[in-house]
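**Student:** For reference, the structure I am asking about is given below.
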Amino acid sequence: MSFKSKLLGAALLGGMMAASFVAANPASAQTAEFKTKQAGDFLIRGRVLGVVPDEDVKSGTLSGEGKVDNDVIPELDFSYFVTDNIALELIAGTSKHDVSWNTGSADVNLGSVRLLPPTLTLQYHFMSDSRWSPYVGAGINYTFFYDEKRGDAQSISYDDGFGYAFQAGFDYAISGPWSLNVDVKKIFLNTDITTNVGGNTHKADADLDPWLFGVGIGYRF
């Protein structure tokens with residue numbers, strides 16, 4: 001299945017989840033009572049994420065460039081409202097990406113790797129007492145690389161490291177503490193890749209810089 005098909009499926013799943021919550025409430029989504037965002041609230045969300053690397057992977061010893069494919073994953077995130085408008089959010093999810101090296105005439109299979117990128121952002125929520133409440137945020141990220149598969153290489157490894165993140169999104173209150181969420185993040189992430197191909201060790205500098213496109217359902221308490 002192509003990434004576009006997966007992402008479309010994720011969007012449809014998010015839409016069906018929202019529709020099921022609306023249908024379960026006897027009042028319409030527009031007139032149902034809803035809980036406003038308030039200081040001291042905890043918010044937990046389940047999202048479907050499209051993880052789309054915006055990669056630039058180059059090596060001083062290998063011609064060509066590296067390629068990293070996309071993934072669609074489930075994700076959990078947790079927020080705490082310090083004030084009615086200011087919140088801290090921590091996301092938890094892991095993705096898997098196939099890696100290859102394009103020499104210009106052929107693609108060399110470099111296996112796959114999993115990423116665990118916990119990201120903490122500080123957010124400002126506009127219109128916190130309204131049904132529709134957009135927000136922006138910025139924060140830090142630390143990415144762990146694990147479960148490396150070497151593909152056609154003799155070995156491959158990735159350095160863990162810090163990055164920073166920006167985000168924008170909105171919550172739409174459905175009923176009571178339930179809400180629909182749409183979120184976009186940009187994570188600026190760099191790693192050094194070390195691989196042995198054909199008996200020779202090569203290093204590559206990889207700016208992965210993924211976009212995270214999310215849709216999901218939230219519950220505040």
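**Student:** For Val184 and Gln38, calculate 0.36 nm times their separation in residues minus their Cα-Cα distance, and state this gained length in nm to one decimal. Intermediate results must be reported in sequence, preceding the final value.
**Tutor:** Numbers: separation 146, 0.36 × 146 = 52.56 nm, distance 2.28 nm.
Using 0.36 nm per residue and subtracting the Cα-Cα distance, I get 50.3 nm.
**Student:** Could I ask something else about it? When Ile140, Ile73, Ile187 are ordered from fewest to most other Cβ atoms inside 10 Å of their Cβ, what list results? Please report the intermediate quantities before stating the final value.
**Tutor:** Working: Ile140 14, Ile73 18, Ile187 25.
Final ranking by Cβ density, sparse to dense: Ile140, Ile73, Ile187.
**Student:** FRET efficiency for Leu90 and Ser155, Cβ-Cβ distance as r, R0 = 30 Å, nearest 0.05?
**Tutor:** 0.35
**Student:** Modelled label-to-label distance, Asp192 and Asn109, 7 Å Cα→beta-carbon offset: nm?
**Tutor:** 2.9
**Student:** Let me ask something additional. Less than 13 Å Cβ to Cβ from Thr195, Lys/Arg counted +1 and Asp/Glu -1: what total charge do the surrounding residues give?
**Tutor:** On the way: positive: Lys149, Arg150, Lys203; negative: Glu148, Asp152, Asp159, Asp192, Asp205.
Neighbourhood net charge equals -2.
**Student:** If you fit an axis through the alpha-carbon atoms of helix 3-24 and take the longest principal axis of the Cα set of the chain, what angle between them do you get, 0 to 90°, nearest 10?
**Tutor:** 20
**Student:** Given R₀ = 41 Å, FRET efficiency for Met127-Lys58 by Cβ-Cβ distance, to 0.05? Let's see the in-between values first.
**Tutor:** Values: r = 44 Å, r/R0 = 1.07.
Once the sixth-power term is evaluated, E becomes 0.40.
**Student:** Please state the charge dipole magnitude for the stretch 171-221, taken about the Cα centre, from unit charges on C-beta atoms (+1 on K and R, -1 on D and E), reported in debye and rounded to the nearest 20.
**Tutor:** Values: 4 positive and 6 negative charges, 33 e Å.
With Lys and Arg at +1 and Asp and Glu at -1, about 160 debye.
**Student:** Taking 0.36 nm per residue of sequence separation and subtracting the Cα-Cα distance, how much length would be gained by fully extending the chain between Leu120 and Phe78, in nm to one decimal? Intermediate results must be reported in sequence, preceding the final value.
**Tutor:** Details: separation 42, 0.36 × 42 = 15.12 nm, distance 0.97 nm.
Result for the pair: 14.2 nm of gain on full extension.
**Student:** Sticking with this one: Could you tell me how many cubic angstrom of Cα convex hull volume the stretch 3-220 has per residue?
**Tutor:** On the way: hull volume 23.2 nm³, N = 218.
Spread over its residues, the Cα hull of the stretch 3-220 gives 106 Å³ apiece.
**Student:** In Å and whole numbers, how far do the C-alpha atoms of the stretch 68-139 stretch along each principal axis, longest first?
**Tutor:** 56, 20, 20
Every read-out reported here was derived from the displayed coordinates using simple, explicitly stated rules and does not represent laboratory data. All values derive from a computational prediction rather than experimental measurement. Cβ sites come from the backbone with ideal geometry, for glycine too, and all protein chains shown count toward neighbours.
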